[in-house]
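Reviewing the structure listed below.
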Amino acid sequence: MQAKTKNRLTIIFTAVLFMAPVVVAYMLSSGLIEYQPDSTKNHGHFVSPLVKLADHTDAPWAQALAGHWTLIRRTPEACGAQCPALETDLHKYRLSLGHRLEKMQLMLMADDFLSDLPDAYPHIQKVSLAGEEALVQVMDELSQVSLQNGHGLYVVAPEGYLMMAFTPENTSSEIIKDLSLLVKRKGD
C-alpha cells in the first residue's frame, strides 16, 4: 500500500472515529433512534411532582426536614403493637448506611401514638397526623405509589421535598442501595 493511500485511510478512519459519537448522540437526542435502558440506578419510584411537606402543614417538624435526608414510614392508623416493628425496620435501614448514617434521619408518621408504648429508638422522630387533614390527604394519595392503603415508605430530600417512594416490590437490599446512593450524592 502506498504511503499516500495509507495517510488518506488514516485521516478517514480518525474522522469517522471522532464523528461517530456525535452522530449517535444526535440520533438519540432527536428521536431517530428510540433507546430506553432496561434499568436505572434507582429502585424506588420518583414522586412527580415533588411534594414539599411544609406546604401542607404548619407543624415545626416539617420545617426541620430541611438540611438532611429523612426516611419516613407512614402508617394510617394509631400506632400500637406494630410500632416497634416499624421502628426496628427504620433503624436497620439507617444502620445499613454505615459511616454515613448521621446523614439520614428517621421519622414514623401515624394518625396517633399510644403513650404506653416503650420508646426503644429515641432517635426516630414520631409525628402524629391528628388534625392534619391536608397532610393526611396528600399522604393517602402518595400511598398509591408506595405501600398502598395509606401505608408508605418515603425519602425526603435535604431541600424538604418528598421525592421517592418505595413499593412492596422493593426488596430491603434495593432500598438500602437507593438510600446509600442518595446520602453519597449530597456532599461528603
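I want to confirm something. Restricting to the stretch 136-149 and keeping residues that are buried (at least 19 other Cβ atoms within 10 Å of the Cβ) and in a loop (DSSP other than H, G, I, E, B), which single residue is farthest from the chain's Cα centre (by Cα)?
L147
Give me the pairs: first residue in the stretch 91-115 and aromatic (F, W, Y), second residue part of a strand (DSSP E or B), beta-carbon distance under 8 Å, and six or more apart or on different chains, which are they?
Y93/L71; Y93/M104; Y93/L106; F113/A78; F113/C79; F113/K126; F113/S128
Which of the residues belonging to the stretch 8-61 are among the hydrophobic types (A, V, I, L, M, F, W, C), assigned to a strand (DSSP E or B) and farther than 20 Å from L181 by Cβ?
Within the stretch 8-61, V51 is the sole residue that qualifies.
Has the stretch 158-169 got at least one residue that is on the phi > 0 side of the Ramachandran plot and either in the same structural domain as L50 (by TED's automatic domain parsing) or outside any helix (DSSP H, G or I) (or both)?
yes
Select from the stretch 42-57 the residues that are surrounded by 12 or more Cβ atoms within 10 Å (Cβ to Cβ) and among the small types (G, A, S) and write down the one among them that is farthest from the chain's Cα centre (by Cα).
A54
So, of the residues in the stretch 14-41 that are surrounded by 10 or more Cβ atoms within 10 Å (Cβ to Cβ) and not aliphatic (A, V, I, L, M), which turns out to be modelled with the highest pLDDT?
T14
Would you call D119 over 14 Å from H68 (Cβ atoms), over 17 Å from the mean Cα position of the chain (by Cα) and assigned to a loop (DSSP other than H, G, I, E, B)?
yes
The values are calculated or read from the model by the stated rules, or taken from the named source; none is laboratory data. All of these numbers come straight from a predicted model, not from anything done at the bench. Glycine gets a Cβ as well: all are built from the backbone with ideal geometry, and neighbour counts include every protein chain shown.
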